[in-house]
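Heads up, the thing below is written out as structure tokens.
Each reported figure results from applying straightforward, stated rules to the coordinates on display, with no laboratory input. Since we're looking at a predicted model, the values are computed, not measured. Please note: Cβ atoms are built from the backbone with ideal geometry, for glycine as well, and neighbour counts cover all protein chains shown.
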Amino acid sequence: MATLEAKIIHTTIARDWREVYAFMAKPENMPRWASGLSSGLTRDGEDWLAPGPLGEARVRFAPANDFGVVDHLVTLADGTEVHNALRVVPNGDGAEVMFTLLRQPGMSAEQFAGDAGWVAKDLATLKSIMESGKTGRKMGNKGNDSRIDYVEFNVSDIAAAKAFYGSAFGWTFTDYGPEYCEFQDGRLTGGFTTTGPVGSGGPLIILYADNLEDMLARVEKAGGKIVKPIFTFPGGRRFHFADPDGYELAVWSAQ
């Protein structure tokens, strides 16, 4: 049987290899850094479903292991199977992540080089996430048990969400690829993602303001829609607004 041309793309990450593996081994984290899965993954038994321009692909990941193996088998809509070999190994106090790219039959040299470039870009995104230490939810840290730890918004346009919340509330942001952005308000951390359906509803998120009238003006200037003007409630006053994607939030003040 003929062999295929292979290229190993790798990156060095300054973080314990076990932590890198733990993050990579969770399929739900892959859309944050693997551009080929940026449309999101939906669990279907032992497999995960990934929508794409050529139809829905079925992905099966290697089971949890102690050897840093994050291999996954991708079955395309036409039945073609692609085995992606992805490994994490210790490199001193850090980690080395390696992806073995195979040149598939009929693939031109230009296409092969293009795929290699995309893999290198994905690994660079992974490196940025891991070395920033901001890998999303922090469940596992002592003191976080039973506490609200993270808030996530499904949005239609990350740039628009950043513009609104940055203008209205002064939030800061860290981008993790085209489908995910982390926000910080100085106390709470959360994320904007385009990998899920957009819609209002769910628990009401309430922010605080020292000057309620000033905050209402800032929200309106940034493009928010006031759905409940300022009213009193036990403990203070508040108003409700809808952001550009339709999420309803509230702002309250003790004054």
Under the Karplus relation with 6.51, -1.76 and 1.60 and θ = phi - 60°, whole-Hz ³J(HN,Hα) for the stretch 66-79, x at Gly and Pro, equal 9, 10, x, 8, 10, 4, 8, 9, 9, 9, 6, 4, 8, x
Most exposed to least, judged by fewest other Cβ atoms within 10 Å, Met215, Met98 sort to Met98, Met215
Once amide hydrogens are built 1.01 Å from N within the peptide plane, the residues lying 5 or more places from Ile205 or on another chain with amide H under 5 Å from its amide H are Ala250
For the stretch 46-51, Karplus-derived ³J(HN,Hα) couplings (6.51, -1.76, 1.60; θ = phi - 60°; whole Hz; x for glycine and proline) come out as 7, 9, 10, 9, 10, x
Averaged over all viewing directions, the convex hull of the alpha carbons in the stretch 6-132 casts a projected area in nm² of 7.7
Longest principal axis of the chain (C-alpha) makes with the long axis of helix 109-132 (C-alpha) an angle, in degrees to the nearest 10, of 50
Helix 158-169 sits off the longest principal axis of the Cα atoms of the chain, rounded to the nearest 10 on a 0 to 90 degree scale, by 30
The helix 212-222 Cα axis meets the longest alpha-carbon principal axis of the chain at an angle in degrees, between 0 and 90 and rounded to 10, of 50
For the stretch 1-116, averaging the sequence separation of alpha carbon pairs under 8 Å that lie six or more residues apart and dividing by its residue count, the contact order in percent is 31
Ordering 120-130, 216-226 by per-residue average of other C-beta atoms within 10 angstrom, highest first, gives 120-130, 216-226
Rg/Rh over Cα atoms for the stretch 151-253, Kirkwood Rh, comes to 0.96
So the FRET efficiency between Ala160 and Ala254, C-beta based with R0 = 35 Å and rounded to 0.05, is 0.65
Loop-resident GluC sites (Glu not before Pro) in the stretch 1-60 with no more than 13 other Cβ atoms inside 10 Å, DSSP not H/G/I/E/B, are Glu5, Glu46
Close lysine pairs (the chain; alpha-carbon distance under 26 Å; 8 or more apart or on separate chains) counted at 20
P(r) over all Cα-Cα pairs of the stretch 50-107, 5 Å bins from 0 to the longest distance, whole percent per bin, short to long, reads 4, 16, 20, 22, 17, 10, 7, 3, 1
Here, Arg237 and Asp214, labelled 7 Å along Cα→Cβ, have an inter-label distance in nm of 1.4
Computed for the chain: size of charge dipole around the Cα centre, +1 on C-beta of each Lys and Arg, -1 on C-beta of each Asp and Glu, debye to nearest 20, value 600
Phi angles of the stretch 84-96, converted by Karplus (6.51 cos²θ - 1.76 cosθ + 1.60, θ = phi - 60°) into ³J(HN,Hα) in whole Hz with x for Gly and Pro, give 9, 8, 10, 10, 10, 10, x, 9, x, 8, x, 9, 10
A chain fully extended from His10 to Ala22 at 0.36 nm per residue, minus the present Cα-Cα distance, gains in nm 2.5 nm
